[in-house]
1. With an 8 Å cut-off on Cα pairs and a minimum separation of 6 or more residues, tell me the relative contact order of the chain in percent.
2. Please list 451-459, 377-385 highest first by mean number of surrounding beta-carbon atoms within 10 Å per residue.
3. Which of the peptides 45-56, 96-107, 334-345 is most tightly packed, and how do the rest follow, judged by the mean count of other Cβ atoms within 10 Å per residue?
4. What does the highest-first list of 195-207, 173-185, 149-161, 234-246 look like by mean Cβ count within 10 Å?
5. How large is ³J(HN,Hα), in whole Hz, for each residue of the range 40-56 in order, when computed from phi with the Karplus curve 6.51 cos²θ - 1.76 cosθ + 1.60 and θ = phi - 60°, using x for Gly and Pro?
6. Counting other Cβ atoms within 10 Å, which GluC sites (Glu not before Pro) in the range 283-335 have at most 16 and lie in a DSSP loop?
7. Determine by what factor the alpha-carbon radius of gyration of the chain differs from 2.2 N^0.38 Å, reporting the quotient.
8. Among HIS401, VAL185, GLY473, flag the residue with its Cα farthest along the positive direction of the charge dipole of the chain, charges on Cβ as +1 for Lys/Arg and -1 for Asp/Glu.
Amino acid sequence: MAGAPVKLGSLLSFGIVLYAIYFRKNDIGDVRLSPVKEHLLFLESQNKVGIGLSQPKVALGYGACHDLFVNATSFLNYQDLEGQPEHFNEITNKKEFVKSFTYFFKHGAAAERFMSNSKLYDDLVEQALKLPDTRWAIGGNAPLMAKRFFIEGWKVLFGAKMSKKLKTYIPDEILIVGDEENEEVRDDVHMILEYKADEKFGNYKAPRANRYIMHNDENNPLLSSLEKLGEYLPNFKPNLLVISGLQMMDNFPFKQEGRDLRAERLDLVKEQILSQPLKTLAHFEMASYVDLELLQHLTTKVLPYVDSVGMNEQELSNLNSVLEHGRVVVVADSNPRIATALDQMRSTFRLIREKNKLFSSTRKLTRMHVHTLAYQAILTVQNSEWKRTAAAAAKASLTAHRYVCNTQNINLEKTKLLLDDSFSTTTDNDNTSRVFFEPNKPVACWQELIEGDKVEICVAPVLICTEAQLTAGAGDNISAAGLVLQVEI
């Protein structure tokens, strides 16, 4: 079976040497927090991004939007829920909207849906703007990741059609390409319905903080900045190319007069990746997808041609299911065991490597990053171009806390750990491999053999922010932070 977990016998001889140091809670809280924080900060401080001539460069596509943040339970009325919560691939009316939101709310799962009813969508935006705590921000994977790379010291180019107003959200040093000179651009608005852990919506309670995104986007699904970004790539010569925002194509009405415009645009994405020299690493950022045809396009037109993939636990479960069984998983465990996630990572890694062979790709998948509420897990092939995996996992963990708490300082009074004192590396019943969590050395790394490839896996605990200020965009910032330290030029 392609997804079979690795056994302890396949761990290399210099594998895990970890000792059980059990730290329990005392009267004032989890005493593991302080040593975990100190060591994560130490790893971050010891690993810096290059400057001057050694400053790395990243190019990102595609798209941007205006995000309208809304308190979900203030905006929606539980009395409007008719019947049981239910998911829909596409939202056409208010009844479906409330059912769909409630379905993901009760699971604490992130979701993103296209609303085909433009008038209803515009009406909802108008209603949201009347609430006292709504706020505007820039949205889209590419700009959020671009800002994170810039903050961390990279030189950045990204492709998006943006109005002059939206461009003011982006640092001047970032080069934005996409629209023509003097072109009037109408920004698409995405509604971000946020909720906190344990928040109630009628009879339902959210198991964790998260967000539900709704859009009626007609610009970003076409990847309208793709060609313009392609014009700039040869002179920019990026060390890393990030492909993101493709979820905007999910359930968008593309097919016109017998043409599959979506497939054509994805073929151009593939060509853009292939146009880059092999020394330019390519990363694909997953997102919330429910359109099986689009996902199957990704498994033939994008995934076989990238070096790296980043995703959260929901997206990992979905991608693994599509690759292995050809089925979409709409919602998965919002806080999976490490063993479960690692097994899905190994399976997904194998299946994408099979796609590399099937499509005779000149690139091979050599990196995967899965970010969850409780931990970061990064897999890299040894002797590949990816470096400093332990430090990358630590930086991703710190970024998760900083972004969600909306602060640079890590306040332990607003922090918790969900990891136990030890964890299994696989759900295989015959496997006795167990890693003991050491607060003084919290990033656990070990080596394995997967289908003949030596890989390193690093798992870092997340210092979970208990007073979430931001949820949308967290994944983009975490994924970018994980990449920041892994590219050396």
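The values are calculated or read from the model by the stated rules, or taken from the named source; none is laboratory data. Everything numeric here is computed off the predicted structure, so don't read it as measured data. Cβ coordinates were reconstructed from backbone atoms using ideal geometry, including for glycine residues, and neighbour counts include every protein chain displayed. Only protein heavy atoms, including side chains, enter the accessible area calculation; ligands, DNA and RNA are left aside. Shrake-Rupley method; radii C 1.70, N 1.55, O 1.52, S 1.80 Å.
1. RCO, the chain: 22 percent.
2. Descending packing order for the listed peptides: 377-385, 451-459.
3. 96-107, 334-345, 45-56
4. Descending packing order for the listed peptides: 149-161, 234-246, 195-207, 173-185.
5. Couplings: 4, 5, 5, 4, 5, 5, 7, 10, 10, 6, x, 10, x, 5, 9, 5, x Hz.
6. Taking the range 283-335 and a limit of 16 other Cβ atoms within 10 Å, no loop GluC sites (Glu not before Pro) are found.
7. Normalised Rg, Cα atoms only: 0.94.
8. HIS401
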